[in-house]
Structure formats: C-alpha cells, structure tokens
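Please read the structure below before turning to the comments.
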Amino acid sequence: MAKRPKISKEEPINGVMVIRLQNWKYFYRFVTQELVNFPGYCFRGQSNSEWKLENTLDRLRKKSKVLIREEYHLDAFKYAARGRRNGSLNELSENDWWSLGQHYGLATPLLDFTRSPYVALYFAFSEESSADYRAVYAVHMSTLLDLKKHAKEKEEKFVDIFTPLTEENHRLINQAGLFVRLPPETILDEWVQKKFSGDRSKEAVLIKMLIPNRMVEECLIHLNRSNINHLTLFPDLMGASEHANMQSAINKYDTLGLI
C-alpha cells in the first residue's frame, strides 16, 4: 500500500492552490524548501480550515442584520476614543484608525496578516479547536497591489494591503503584521477565485495550507523554543498572562521554568 505523501500539492485552480501536510512538522520543510521559490507572500493562520477569510465588520453586519456604513462606524469609534489615546496627538490616516480599532476589538474591514509564516503557524495552533484541520494562508502581495492600481484607474472597489505607520500598536510590530482591507461583503478566498476564474497560470495568488489538528502541544513547544509565543507577540500584560497559562497547561513548554 502506497504511503500518503508528506506534502501534497494541488494545481492552482482560479488562482488558489491547496497544500495538504501530513502533520505540522512538514510546514517547516515546505516553507524552507519550496515556499522560498514563491517570494512576495504574507501569511495568516486560522485554527479552523473551514472558516472563510471574512472580516469582523461583515460578520457583525450579518449578525445584526443592520445596515452598517463604514464611515459612520469609524466616526463612532473616533468620537468614543477621545481622551483615551494616552495623550497622543498624532494624526492618523483612515487605515491607521482602522488598524488601531482592530487592535482593541473594533469590528473592522481588515484581516490580520504577517510577514512571518511561523507567526501565522502559531496563530493557527495557539487557540483551541475541534476542527479536523487548521490552516495557514499565504496571499501574494504584489498581485493585490497590481489589482489595486488597475481598480483605482477604473474607479472600482479594490482589496487593499497596507502596513500602518501608527506607533500605538506594539503587537503589530512584534508580529511583523500588516493588513488586508476588504470592500463590504467581500470574502477574500471567494474574491480571488472570482477574479482569477479560468486562469491556468501555475502561479497561485492564494495558497491554503491544511495542517491536521493533532500534535498541537508539540507544535507550540517547538515554536516557543524558536521564541514565537504570546510573550514575544503580545508585549503587554495580556501576552504575559497567556504565556504563563501555556507554561502551566503544557508539559515541558518551558523546561527552564523561572530561571
């Protein structure tokens, strides 16, 4: 009986390529041996592979069944934030305001991404999940920026990608973070498939890596020893608390203890 391949790749269909890994260990092999030939991607980890790449503002719209206009929603946050920005007088761009709100739990049109595939792997595995597979997505930044340029010329709505300049989000810096901003009622994976329908290129705009939901603690221990954990990714008391929780919950998470 033939063994299952450690890494199986499907041909890109409508701009999307699906990669199946036998377990999390082969993620490192894929990134170091194969993904190096696919430059220009940013990454996002999700604990359930069935979840769509949908922003929190659209999910709020569906839940509330109320017409929520972005500009009014953002203005409401700006007014509510008065006197609560630690005395900062910095003027923020619209995207910076959205990223600040995302940091503090505001429903936004943004999706978090990172330049680091290993940070994305951590976010895929750090939350509890009963799903069969976890997922790490890779989206090609240059392609999105090219599409944005052409859409602007035609005055069409576009998927944006940006890195905020605000210094009020230290988590973003530690996570090598950036954002993808979606137009209203847009799901990124479905948008890519529609935009590249019939495309037979070997280049994938979106890569979806499926990783079986097992050996979770082993994965988190390995990432912790690579200095990827809540303590480094969340440089605040919440990060310290979550890191301490993992130390207590996972055997051999930190073999040196409090030294």
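The table below gives the values:
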| read-out | value |
| --- | --- |
| Candidate set: the stretch 225-241, residues that are among the aliphatic types (A, V, I, L, M) and under 20 Å from Tyr28 (Cα atoms); chosen: the one surrounded by the fewest Cβ atoms within 10 Å (Cβ to Cβ) | Ile228 |
| Residues that are over 24 Å from Leu144 (Cβ atoms) and either of a type in the set (Ser, Thr, Tyr) or more than 18 Å from the chain's Cα centre (by Cα) (or both), drawn from the stretch 23-46 | Asn23, Lys25, Tyr26, Tyr28, Arg29, Thr32, Gln33 |
| Sole residue being of a type in the set (D, E, K, R), in contact (Cβ under 8 Å) with a residue 60 or more places away in the chain, closer than 18 Å to Tyr122 by Cβ and assigned to a loop (DSSP other than H, G, I, E, B), chosen from Arg214, Arg171 | Arg214 |
| Candidate set: the stretch 159-173, residues that are hydrophobic (A, V, I, L, M, F, W, C) and modelled with pLDDT of 90 or more; chosen: the one nearest to Glu54 (Cα to Cα) | Val159 |
| Complete set of residues in the stretch 111-138 that are of a type in the set (Asp, Glu) and more than 19 Å from Glu54 (Cα to Cα) | Glu128, Asp132 |
| Qualifying residues in the stretch 112-134 (those that are touching a Leu at 6+ places or on another chain (Cβ under 6 Å) and not in a helix (DSSP H, G or I)) - the one nearest to Val180 (Cα to Cα) | Phe113 |
| The stretch 36-55 residues that are at positive phi, paired with ones that are surrounded by 15 or more Cβ atoms within 10 Å (Cβ to Cβ) and assigned to a strand (DSSP E or B) (beta carbon under 6 Å, 6 or more apart) | Gly40/His140 |
| Answer from Val66, Val31, Val36 - the residue that is more than 22 Å from Gln193 (Cα to Cα) and assigned to a loop (DSSP other than H, G, I, E, B) | Val66 |
| Members of the stretch 174-205 that are over 21 Å from His73 (Cα atoms), touching a Phe, Trp or Tyr at 6+ places or on another chain (Cβ under 9 Å), not small (Gly, Ala, Ser) and not in a loop (DSSP other than H, G, I, E, B) | Asn174, Leu178, Leu188, Asp189 |
| Filter pass, Leu92 being farther than 30 Å from Ile7 by Cα, in contact (Cβ under 8 Å) with a residue 60 or more places away in the chain and assigned to a loop (DSSP other than H, G, I, E, B) | yes |
| Residue match in the stretch 12-22 (condition: of a type in the set (Gly, Ala, Ser) and either at pLDDT 90 or above or on the phi > 0 side of the Ramachandran plot (or both)) | yes |
| All positions within the stretch 142-156 that are in contact with a helix residue (DSSP H, G or I) (Cβ under 9 Å, 6 or more places away or on another chain) and free of Cβ contacts under 8 Å to residues at least 24 places away in the same chain | Glu156 |
| Unique residue being surrounded by 15 or more Cβ atoms within 10 Å (Cβ to Cβ), free of Cβ contacts under 8 Å to residues at least 60 places away in the same chain and farther than 22 Å from Glu127 by Cα when the list is Val205, Val159 | Val159 |
| Test: residue in the stretch 194-203 that is among the small types (Gly, Ala, Ser) and modelled with pLDDT under 80 | yes |
| Any chance Lys208 is part of a helix (DSSP H, G or I) and among the basic types (Lys, Arg) | no |
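The values are calculated or read from the model by the stated rules, or taken from the named source; none is laboratory data. Quick caveat, the model's predicted, so the values are computed rather than measured. Counting neighbours? That spans all protein chains shown, and the Cβs are built from the backbone with ideal geometry, glycine included.
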